[in-house]
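The values are calculated or read from the model by the stated rules, or taken from the named source; none is laboratory data. None of the values given here were measured: they were computed from a predicted structure. All Cβ positions, glycine included, derive from the backbone under ideal geometry; neighbour counts span all protein chains shown. The protein model used for the area step is the full one, side chains on, heavy atoms only, and it has no ligands, DNA or RNA in it. Shrake-Rupley method; radii C 1.70, N 1.55, O 1.52, S 1.80 Å.
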Amino acid sequence: MSHDATPIHVDRRGSSLDDAVTLYERVYDSRDIHIGEAARDGFAFRFRAVGDQDVVVGSSQVAARRWGTIVPGHDYVLAWATGPGMTIDTGTRAPVQLVPGTPVMYPVGRDFAFDGLPSGQHSVRFRGAFLESIAAARRGDDEPRQLVFRDAVGVDAMRLLRRGIGEAAPRLLDPSAPGAVRASWNRVIADAVAAAFDATPPSAPTGAVGSSTIRFAKEWMIANARRPLTVAKVSAAAGVSARGLQAAFQRRVGVRPMQFLREARLHGVRADLLATDPEHATVAEVALSWGFNHLGRFSGYYAEAFGEPPSRTLRRRDAPRP
């Protein structure tokens, strides 16, 4: 969605599949939206969005299964389903099934696939720089930066988040709300989201990368090991410079960050190979799922780490399961 100064107010409904596809491809900045068989009472859709350049609150109802790709760009999106059957990140080994009424954050900084049964969904879309500035203020950071979100939110944090949404949403959904009022409630809902989900570590002092930052970087790489990662992405998540992270890893861990990531991926591959039926998967499929795109190099790394080729690991029927 556009982030200019013009207030946003969209209210579209209809019963045409083509109109719905065109609309949702524009909403999701995608060219890969599909709508399948309609619900029993026939096909219908409605999409409503109200907001400004910083925050857009939306609701969507589609009486058919739909699937495709969402491109969030530089925005951050909070979403929750009104009924069962909505799954995001379906193209990965760790898809997320939305629990009705429980908000989640969309994946950050990358496209992702979704699949949904006939149901509704609510969303709050934040301009990236706006939410980053709110989160930085909460942490006491001088400079906003890309956010890292928690996968799970505690009961108390979720309760406070729902309260913040409940207070802010009616005001933000009012197209006639004055700009100053909307800006105030934008900050309320952004602060509630940052309080619940923001897991970005505080900035380290210049030139100082401590053990807690190294531990966070290692845990973050392990949690995201199946995704395309670079030193720049890891250092941004850890809140330090790439050069500082490289030097600290070499000094404290004894290897470079990407070497640590490779070792974590190798152990992930081995665990999958030991748990996989050779008739239903190949070494190449498992290796590619862990980010090893050069299979020749992968085989060499694997044999060096575990003393056997990956094909032998896959054929083991009596090996201890991880």
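The set of residues in the stretch 111-150 that are open to solvent by 60 Å² or more (accessible area, probe 1.4 Å), modelled with pLDDT of 85 or more and assigned to a loop (DSSP other than H, G, I, E, B) comprises Asp111, Leu117, Pro118, Arg127, Gln146, Arg150.
Per the conditions (1) within 13 Å of the chain's Cα centre (by Cα); (2) in contact (Cβ under 8 Å) with a residue 12 or more places away in the chain, the sole criterion not satisfied by Val96 is (2).
In the stretch 244-265, the residue that is farthest from Phe306 (Cα to Cα) out of those that are without any contact (Cβ under 8 Å) to a residue 12 or more places away in the chain and either part of a helix (DSSP H, G or I) or small (Gly, Ala, Ser) (or both) is Arg251. Exactly one residue out of Arg215, Arg127 is among the basic types (Lys, Arg) and free of Cβ contacts under 8 Å to residues at least 40 places away in the same chain: that is Arg215. Given the criteria of a type outside the set (Lys, Arg), open to solvent by 30 Å² or more (accessible area, probe 1.4 Å) and either over 15 Å from the mean Cα position of the chain (by Cα) or modelled with pLDDT of 85 or more (or both), does Asp198 qualify? Answer is no for this residue.
Scanning the stretch 205-257 for residues that are charged (D, E, K, R) and either more than 19 Å from the chain's Cα centre (by Cα) or open to solvent by less than 30 Å² (accessible area, probe 1.4 Å) (or both) gives Arg215, Arg243, Arg251, Arg252, Arg256. Scanning the stretch 227-261 for residues that are closer than 18 Å to Glu143 by Cβ and polar (S, T, N, Q) returns Ser235, Ser241.
How many residues does the stretch 151-183 contain that are more than 16 Å from Val50 (Cβ to Cβ) and either of a type in the set (Phe, Trp, Tyr) or not in a helix (DSSP H, G or I) (or both)? Residues that pass the stated criteria total 4. Among residues of the stretch 163-184 that are open to solvent by 30 Å² or more (accessible area, probe 1.4 Å), those with a Cβ under 8 angstrom from a residue that is part of a helix (DSSP H, G or I) and not hydrophobic (A, V, I, L, M, F, W, C), sequence gap 6+ or separate chain, pair up as Arg171/Arg182; Val181/Arg171.
Of everything in the stretch 288-300 that is farther than 23 Å from Glu219 by Cβ and either outside any helix (DSSP H, G or I) or not basic (Lys, Arg) (or both), the residue that is least open to solvent (accessible area, probe 1.4 Å) is Phe298. If you filter the stretch 71-90 down to residues that are open to solvent by 30 Å² or more (accessible area, probe 1.4 Å), in contact (Cβ under 8 Å) with a residue 40 or more places away in the chain and outside any strand (DSSP E or B), you find that the one that is nearest to Val148 (Cα to Cα) is His74. Checking each residue in the stretch 50-67 for being in contact with a Ser or Thr (Cβ under 8 Å, 6 or more places away or on another chain), among the small types (Gly, Ala, Ser) and buried (at least 19 other Cβ atoms within 10 Å of the Cβ) picks out Gly58, Ser60.
A search for C-beta distances below 7 Å between a residue of the stretch 26-47 that is closer than 12 Å to Ile70 by Cα and β-branched (Val, Ile, Thr) and any residue that is at pLDDT 90 or above and surrounded by 15 or more Cβ atoms within 10 Å (Cβ to Cβ), counting only pairs 6+ apart in sequence or on different chains, returns Val27/Phe47; Ile33/Val21; Ile33/Tyr24; Ile33/Glu25; Ile33/Arg66; Ile33/Gly68. For the criterion of being surrounded by 16 or more Cβ atoms within 10 Å (Cβ to Cβ) and not hydrophobic (A, V, I, L, M, F, W, C), Gly36 fails. Cβ-Cβ distances below 7 Å connect the following pairs, each with a first residue in the stretch 232-243 that is free of Cβ contacts under 8 Å to residues at least 24 places away in the same chain and in a helix (DSSP H, G or I), a second residue that is hydroxyl-bearing (Ser, Thr, Tyr) and open to solvent by 30 Å² or more (accessible area, probe 1.4 Å), and a separation of six or more residues or different chains: Ser235/Ser241.
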